[in-house]
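Asker: So that we are looking at the same thing, I have put the structure below in structure tokens.
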Amino acid sequence: MLEFRSETGYAEANMASAGVSFWLKFRCTECGNCCRDPLLPMNGADLARLVAHTGQRPASIVRFVRTDRIDMDDEPEARIVLSEGTRIMVLRQARGACQFLGDDDRCQVYPQRPLGCRVFPFDPTFTQRGKLRRLQLIEATDCPYELDGNNDPDRIVALQRQLDQQTEAFYTFIKRWNRNQQRRRREGLKLRGRAAFLTQALRDSSGS
């Protein structure tokens, strides 16, 4: 899981009394820190959307990191078996920041940005009926946020549901991929690498 830390609001983030209404006042100050420090896990739908929007090759948008480079022990489904080893697919960075972060600290692909970026920094918990029950901040970087905002709880719920659905679909694809890799290993065949994974991930995300 990504970790989020705020110099100005860390104490508040750990207050038991800080409920949903408290964090709905969160306002981003556009410092750009969240586009620099954390590694962002990507799914196939995120990748397909960015490829279509930018025209870039998939391999220039994502990279595959070792499992010890990102704290996702609670999501083993994200681990991809490749010829290079077991990896997790994340958004590629450049010069210590997201490659799509402009010199003005603004996102250059904002309308098509990954869902993980859209949900950030909220970590919502829902009731059995799908209502927003609890709201926390993801701890991932220093964040000089303000508490004079007005976030729509329905939008937070909708974005998280969409992210959960796309992530589940991607993990299902990874499970099939890994099972096929294990079969190849048993048969003495060479494991497939990053290029093959990206090709199949894009096909899977488009439903073909």
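Asker: Test each condition in (1) touching a helix residue (DSSP H, G or I) at 6+ places or on another chain (Cβ under 7 Å); (2) of a type outside the set (A, V, I, L, M, F, W, C); (3) at pLDDT 95 or above; (4) in a loop (DSSP other than H, G, I, E, B) for Tyr171 and report the one that comes out false.
Answerer: Single failed check for Tyr171: (4).
Asker: Same structure again: Suppose we filter Arg118, Arg129, Arg106, Arg133 for residues that are in contact (Cβ under 8 Å) with a residue 60 or more places away in the chain and under 15 Å from Ala158 (Cα atoms); which single one remains?
Answerer: None of the others qualify; the one that does is Arg133.
Asker: Return the pair list, or none, for Cβ contacts closer than 7 Å from residues in region 184-204 that are within 16 Å of Ile88 (Cα to Cα) to residues that are part of a loop (DSSP other than H, G, I, E, B) and polar (S, T, N, Q), at least 6 apart or on different chains.
Answerer: The qualifying pairs are Arg192/Ser83; Gly193/Ser83.
Asker: Pro121: touching a Phe, Trp or Tyr at 6+ places or on another chain (Cβ under 6 Å) and within 19 Å of Val90 (Cα to Cα), yes or no?
Answerer: Against the criterion (touching a Phe, Trp or Tyr at 6+ places or on another chain (Cβ under 6 Å) and within 19 Å of Val90 (Cα to Cα)), Pro121 qualifies.
Asker: Can you name the helices (runs of 4 or more DSSP H) wholly within region 12-110 that have at least 2 residues being exposed (fewer than 15 other Cβ atoms within 10 Å of the Cβ) and under 18 Å from the mean Cα position of the chain (by Cα)?
Answerer: Result: 58-61.
Asker: Just name the residue that is surrounded by the most Cβ atoms within 10 Å (Cβ to Cβ) out of those in region 125-155 that are within 16 Å of Val20 (Cα to Cα) and under 15 Å from the mean Cα position of the chain (by Cα).
Answerer: Leu137
Asker: Shifting gears a bit: Within region 158-173, work out how many residues are without any contact (Cβ under 8 Å) to a residue 24 or more places away in the chain and among the small types (Gly, Ala, Ser).
Answerer: Selection size over region 158-173: 1.
The values are calculated or read from the model by the stated rules, or taken from the named source; none is laboratory data. It should be emphasised that the depicted structure is a prediction, and the values quoted were computed from it without experimental measurement. Glycine gets a Cβ as well: all are built from the backbone with ideal geometry, and neighbour counts include every protein chain shown.
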